[in-house]
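Remarks on the structure that follows.
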Amino acid sequence: MKLQEYRSKEILAQHGVPLLAGEVATSAEEARAAAERIGGPVVVKAQVLVGGRGKAGGVKLAATPDEAAQRAREIIGLDIKGVTVRTVLLAPAADIATEFYLGLILDRSAKAVTVIASAEGGVEIEETARVKPEAILRLPLDPLLGLQEHNVRRVSFFLGMPADLRRTFASVLRGLYDAFMQADADLAEINPLVITAAGELLALDAKIVLDESALFRHPDLEAMRDLNEEEPSEIAAREAGINFIKLDGTIGCMVNGAGLAMTTMDLVKLAGGEPANFLDIGGGAKADRVAAAFRIILDDPNVRAILVNIFGGITRGDEVARGIVEARGMLEREVPMVVRIVGTNAEEAAEILRQANLITADSLDEAAAKAVTAAGQA
Ligand code: GDP
Ligand code: MN
């Protein structure tokens, strides 16, 4: 789960990272009032969960409250990479002398929380990594010892931090690390971290991405979720306890188990089709959850057929089959359904499906092929 810049900054500020906090506004009038309270020149920044806002016209300077209102009017409603801006952050404008990149990621291949740093900040780090990889330091941290003093010194020297700012820099990296660990983040970055003309070290932009699987430990952070920027179908799925990711194909997949769901998608592709989604309905799926899954799948107008692939272990096949038949009666839109149920009570399940006139299949290859054919004809 990605946090908006102003939320990320709140968290970093709590951990002692120096920054110019500001105020959010959702209208030009609110922006004017915020700029008046801040006093002096401000920066007006679109709050959207996509990078490169600066280039897209989502970050603008304003010298007066009137100008701040005008800039806010331009930015609110702007489309940035498919997302409509609803909120802007106003913060005191900084006079930038130098821009750095400083980030922490969970690097799975290094099996460690890793510091990423570059003196070529401000621009997107992916771009620097491509054109000038030697300008980036990647420093994996010992998982047991965490961030050590010598790690901090190494990063500080790599960035060429001036001597009088090294202590402040240490508190920035320490604060970023503490925020990352405490929030169970996957990523925490400051881009740019700047030295101002007056010689101050400040975080001008912040981004924190949280680990969804650890969110249950952080109800306060969960409350920061921005539903405006999530797929409505993915929100509905989360509420129903279903693991769902929307894709672009035409064949809806309903599967129990994440691994089986991945395999099912692979076989759909092998049979010449494109999956419309990843969906893991979880263990012991009952009729209401099956119905919710169908509704979520069918909400996508691209879906032309549904492939149901259930492996009955503890889950009883006949129960799922009854759930499918029951759920089908409640649906608003009808598309061909190919159902494969194996495992516990598979024969009873097959009988229920046959009586309901659903397309069945004995093997997964056969099921995938039938779904692809049905989608092509629909
Ligand atoms: P991003 O493009 O979405 O990463 O948004 P940023 O917050 O990083 O802003 C992009 C760029 O705008 C920064 O790299 C800075 O060069 C510039 N910028 C942001 N805030 C200020 C500010 O307070 N003063 C000045 N002069 N420039 C700023
Ligand atoms: Mn940035």
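The values are calculated or read from the model by the stated rules, or taken from the named source; none is laboratory data. Bear in mind that the values here come from a model prediction, so they are computed numbers and not experimental data. No Cβ is skipped: glycine too gets one built from the backbone with ideal geometry, and neighbour counts run over all protein chains shown. Accessible surface is based on the protein model in full, side chains and every heavy atom, while ligands, DNA and RNA are left aside. Shrake-Rupley method; radii C 1.70, N 1.55, O 1.52, S 1.80 Å.
Tabulated data
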read-out	value
Hits in the range 78-97 - residues which are out of contact with any Leu (no Cβ under 9 Å at 6 or more places or on another chain), modelled with pLDDT of 95 or more and in a strand (DSSP E or B)	Val88, Leu89, Leu90, Ala97
Any hit, the range 57-77, residues being modelled with pLDDT under 95, open to solvent by 40 Å² or more (accessible area, probe 1.4 Å) and within 12 Å of ligand 1 (Cβ to nearest atom)	no
Scope the range 180-204; condition within 16 Å of ligand 1 (Cβ to nearest atom), within 18 Å of the chain's Cα centre (by Cα) and among the hydrophobic types (A, V, I, L, M, F, W, C); matching residues	Leu187, Ala188, Ile190
Pair list, Cβ under 7 Å, 6 or more apart: the range 287-303 residue under 15 Å from Glu234 (Cα atoms), other residue hydroxyl-bearing (Ser, Thr, Tyr) and not in a loop (DSSP other than H, G, I, E, B)	Ile296/Ser233; Asp299/Ser233; Asp300/Ser233
Residue check for Ala119: farther than 30 Å from Glu74 by Cα, in contact with a Ser or Thr (Cβ under 9 Å, 6 or more places away or on another chain), open to solvent by less than 80 Å² (accessible area, probe 1.4 Å) and more than 16 Å from ligand 1 (Cβ to nearest atom)	no
Residue that is within 31 Å of the chain's Cα centre (by Cα), more than 13 Å from ligand 2 (Cβ to nearest atom) and closer than 24 Å to Thr128 by Cβ, where the choices are Gly51, Gly57, Gly77, Gly82	Gly57
First in the range 183-194 and open to solvent by 20 Å² or more (accessible area, probe 1.4 Å), second anywhere and in a loop (DSSP other than H, G, I, E, B) and away from ligand 1 (no atom under 14 Å from the Cβ), Cβ under 6 Å, 6 or more apart	Asp184/Asp211; Asp186/Asp211
Residues (crowded, with 20+ Cβ neighbours inside 10 Å and touching an Asp or Glu at 6+ places or on another chain (Cβ under 7 Å)) located in the range 5-31	Glu5
Positions within the range 127-157 being open to solvent by 50 Å² or more (accessible area, probe 1.4 Å) and not in a helix (DSSP H, G or I), in sequence order	Lys132, Arg138, Pro140, Asp142, Pro143, Leu144, Leu145, Gln148
Residue within the range 16-32 that is at positive phi and either in contact with a helix residue (DSSP H, G or I) (Cβ under 8 Å, 6 or more places away or on another chain) or away from ligand 2 (no atom under 15 Å from the Cβ) (or both) present	yes
Any hit, the range 207-227, residues being closer than 21 Å to Gly121 by Cβ, within 16 Å of ligand 2 (Cβ to nearest atom) and buried (at least 23 other Cβ atoms within 10 Å of the Cβ)	yes
Only listed residue being under 34 Å from the mean Cα position of the chain (by Cα) and of a type in the set (S, T, N, Q), chosen from Asn357, Asn302, Asn345	Asn302
Only listed residue being in contact (Cβ under 8 Å) with a residue 12 or more places away in the chain and either among the acidic types (Asp, Glu) or closer than 30 Å to Lys246 by Cβ (or both), chosen from Leu215, Leu201	Leu215
Residue within the range 155-176 that is under 28 Å from Gln4 (Cβ atoms), within 16 Å of ligand 1 (Cβ to nearest atom) and among the charged types (D, E, K, R) present	no
Those residues of the range 10-48 which are closer than 25 Å to Arg174 by Cα and near ligand 1 (Cβ under 10 Å from one of its atoms), in sequence order	Leu20, Gly22
Enumeration of residues in the range 97-116 that are within 16 Å of ligand 1 (Cβ to nearest atom) and surrounded by fewer than 15 Cβ atoms within 10 Å (Cβ to Cβ)	Ala97
Test: Leu89 is in contact (Cβ under 8 Å) with a residue 60 or more places away in the chain, more than 19 Å from Tyr6 (Cβ to Cβ) and touching a Phe, Trp or Tyr at 6+ places or on another chain (Cβ under 6 Å)	no
